[in-house]
Amino acid sequence: MSRRLDERRSAHQRYKQDVDERGKPFYPFAMFHDTVMSLVVVSVITALAVIWKVTANEEPDSSGWLGVLYGEEADSGTTNFIPRPDWYFYFLFYLLRIFKWPESVILGTIGIPTILLILLFALPFIDLRRERRLLRRPVAIVAAILVVLSMGVLTYKGATARESLGTEALAAVPEWIEKNNLPANARKGAELFAESSCLACHIYVGQGASNLGAPELTDVGSQNRGVDYFAEYVANPAQYGNTRMPPFAGLGEENLRNIAIFLDASKGEE
């Protein structure tokens, strides 16, 4: 331990000597330059935001110097929007698809990212060697390559992942009607079910994914709960003790009733 401390002290003395002879210390010179440049960047971003806000009109699709203020107003009752993360979160997006079971989802959301961040922060305190040549650091090089490859593969898989939602699920509605022998008045509800991201957590006639403990709904109508029950449940699942499923009251009473008719008619493939 004393030998390592002596080496660090001698290295620090050599650094001080090199700074006195050939350069300037990081503080305050480099820190001052970084601070000034950061202020310039923030000032430019703020100025552009002010110009965009002032020159654009309040009317939808009215363009200012830097583009429109906003387009169409958001529709909280939309049934065909599939949320996707930004590209730099695709790796985490696909990691959650791997750990999709309720017992393991905490590994994808907290466990693995937290462990990697702790290792990243601890690395400078663990590796105190002065050797910086790549060929002399095989463990570090292999670890870096594996991290880059893992991030790249997960990002690619997340970017190309196909969802059993939206138009893909909508195309399967005729198959659902045939296999489950659904009545004609259940078709509208089946289409709303396919467009409302329900298959992100539920399985219906072999499609979708079972996430967060959500049950399969192929034969949910065999419980004989009734249309009113399903409409109230989908609108606000929390009143029935389900705090994991989000409320869908924003779909409106008519859409909720159509979905309830579809669920109540789903008696199973037999």
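Looking at (1) modelled with pLDDT under 85; (2) touching a Phe, Trp or Tyr at 6+ places or on another chain (Cβ under 9 Å); (3) assigned by TED's automatic domain parsing to the domain that holds Phe93, find the lone condition where Arg137 falls short.
(2)
So Ser197 clears everything in (1) within 25 Å of Asp86 (Cα to Cα); (2) assigned by TED's automatic domain parsing to the domain that holds Asn258; (3) at pLDDT 85 or above except one condition, right? Which one?
Of (1) within 25 Å of Asp86 (Cα to Cα); (2) assigned by TED's automatic domain parsing to the domain that holds Asn258; (3) at pLDDT 85 or above, only one is false for Ser197: (3).
Looking only at region 12-25, filter to residues that are surrounded by 11 or more Cβ atoms within 10 Å (Cβ to Cβ) and within 45 Å of the chain's Cα centre (by Cα); which one of those is nearest to Ser63 (Cα to Cα)?
Pro25
Only one of Tyr240, Tyr204 is aromatic (Phe, Trp, Tyr) and surrounded by 14 or more Cβ atoms within 10 Å (Cβ to Cβ); which?
Result: Tyr204 is the single residue among Tyr240, Tyr204 that is aromatic (Phe, Trp, Tyr) and surrounded by 14 or more Cβ atoms within 10 Å (Cβ to Cβ).
With respect to Glu216, determine if the residue is outside any helix (DSSP H, G or I) and either assigned by TED's automatic domain parsing to the domain that holds Phe99 or out of contact with any helix residue (DSSP H, G or I) (no Cβ under 9 Å at 6 or more places or on another chain) (or both).
Considered against the rule, which asks whether it is outside any helix (DSSP H, G or I) and either assigned by TED's automatic domain parsing to the domain that holds Phe99 or out of contact with any helix residue (DSSP H, G or I) (no Cβ under 9 Å at 6 or more places or on another chain) (or both), Glu216 comes out as yes.
The values are calculated or read from the model by the stated rules, or taken from the named source; none is laboratory data. Model, not experiment: these values are computed from the prediction. Note that we place each Cβ from the backbone using ideal geometry, even for glycine, and neighbour counts take in every protein chain shown.
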